[in-house]
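The values are calculated or read from the model by the stated rules, or taken from the named source; none is laboratory data. This is a predicted model, so every value here is computed, not measured. Cβ sites come from the backbone with ideal geometry, for glycine too, and all protein chains shown count toward neighbours. We work out accessible area using only protein heavy atoms, side chains counted, and drop any ligands, DNA or RNA first. Shrake-Rupley method; radii C 1.70, N 1.55, O 1.52, S 1.80 Å.
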Amino acid sequence: MSRELQHREVLQFVHVTDTHLLNRAAATLHGLNTKKTLEAVLSHSRVHCPDIDFLLFTGDISQTGNAASYTLFASVIQRYDLPVYCVPGNHDAPALLRRIIPTCPDDTINVIQLDKFSLILLSSWVQDKHHGLISRRCLQQLERHLSNSQDRFNIIAVHHPPVSINSKWLDEIGLQNKAEFLQTIHNYHQHALLLFGHIHQEVDQQLEKLRLLATPSTCYQYQANCEYARRVYQPPAYRFVRLTATGNVETKVCYVGQV
């Protein structure tokens with residue numbers, strides 16, 4: 001499935017991830033009101049990154065997978081006159097999420113064509129599991145797209161990390177077929193950017209022509225390089241990304257003050 005957005009030689013967007021919305025506006029998770037932290041992040045991004053083309057969410061939009069949490073999500077994003085794209089995370093209910101964001105992928109990739117760029121949305125969701133897996137069908141579709149788009153800058157979005165981040169507990173619940181996924185991308189030689197969530201911390205890696213970026217959560221963060229889960233105080237965050245059709249990537253993580 002593809003959709004034309006607009007023609008661009010330069011593309012700018014904000015990456016948001018792991019919002020973990022609950023079923024009520026006043027509810028809290030680990031002492032944080034996740035609706036308010038999301039609102040603070042988006043408000044901050046509109047002031048400091050006013051000229052973006054879209055918002056990209058990489059999963060765990062909901063903590064509960066309940067319809068009420070997606071109603072909250074809709075109430076927040078409808079305030080912004082921007083296209084919103086997303087992929088599902090392990091806490092999400094993809095069918096409910098697609099009611100809000102119809103382009104959210106299922107067991108098929110969704111490609112948003114942006115002239116010199118392609119935004120490729122991939123699901124790594126596995127029912128009742130915290131780890132991720134990209135289906136054989138989606139890998140085949142991804143390979144076909146990459147083989148036919150070597151003149152484009154491909155932006156790939158998925159929830160689970162396809163690389164080790166040196167935290168044992170998170171690596172165990174990452175993408176289970178990461179090697180096959182990365183090999184599919186490396187079979188082609190165009191520049192590509194891969195964005196993911198799940199880990200509630202910042203990652204910036206370069207693998208040949210593939211740049212990999214993870215962004216901290218809009219709510220709580222995890223300590224890096226830990227054997228076991230350990231939350232650490234850092235403010236809510238998002239990532240600004242600016243791309244050129246020639247392969248240049250400029251990016252920064254923006255932390256929002258305590259809310």
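Residues of region 93-149 being of a type outside the set (D, E, K, R) and assigned to a strand (DSSP E or B), which ones? Within region 93-149, Thr108, Asn110, Val111, Ile112, Gln113, Leu114, Phe117, Ser118, Leu119, Ile120, Leu121, Gly132 meet the criteria. With respect to the numbered conditions (1) open to solvent by less than 60 Å² (accessible area, probe 1.4 Å); (2) of a type in the set (Asp, Glu); (3) within 16 Å of the chain's Cα centre (by Cα), which one is the sole condition not fulfilled by Asp204? Only one criterion is unmet by Asp204, namely (1).
Criterion first (within 17 Å of Pro105 (Cα to Cα) and open to solvent by 10 Å² or more (accessible area, probe 1.4 Å)) does His159 satisfy it? Here the answer is no, as His159 does not meet what is asked. In region 150-174, the residue that is modelled with the highest pLDDT out of those that are of a type outside the set (Lys, Arg), closer than 19 Å to Val249 by Cα and part of a loop (DSSP other than H, G, I, E, B) is Val158. Here the condition is being open to solvent by 40 Å² or more (accessible area, probe 1.4 Å), modelled with pLDDT of 95 or more and not aliphatic (A, V, I, L, M); of His15, His91, His30, it holds for His91 alone. Output the residues belonging to region 39-52 that are surrounded by 18 or more Cβ atoms within 10 Å (Cβ to Cβ) and closer than 25 Å to Val10 by Cα. Hits for region 39-52 are Val41, Leu42, His44, Ser45, Cys49, Ile52.
In this structure, Ala68 qualifies as open to solvent by less than 50 Å² (accessible area, probe 1.4 Å) and farther than 23 Å from Val249 by Cβ. The set of residues from region 203-218 being part of a loop (DSSP other than H, G, I, E, B) and either among the small types (Gly, Ala, Ser) or at pLDDT below 95 (or both) comprises Glu208, Lys209, Ser217.
Within region 226-239, does at least one residue satisfy the condition of being open to solvent by 40 Å² or more (accessible area, probe 1.4 Å), of a type in the set (Ser, Thr, Tyr), touching a residue at least 40 places away in the same chain (Cβ under 8 Å) and at negative phi? Checked against the condition, which is being open to solvent by 40 Å² or more (accessible area, probe 1.4 Å), of a type in the set (Ser, Thr, Tyr), touching a residue at least 40 places away in the same chain (Cβ under 8 Å) and at negative phi, region 226-239 yields at least one hit. Scanning region 175-201 for residues that are assigned to a loop (DSSP other than H, G, I, E, B) and either open to solvent by less than 10 Å² (accessible area, probe 1.4 Å) or of a type in the set (Ser, Thr, Tyr) (or both), we see that the one that is nearest to Ser149 (Cα to Cα) is Tyr188. Determine whether Val76 is under 17 Å from Leu21 (Cβ atoms), outside any loop (DSSP other than H, G, I, E, B), open to solvent by less than 20 Å² (accessible area, probe 1.4 Å) and touching a Pro at 6+ places or on another chain (Cβ under 6 Å). In short, no.
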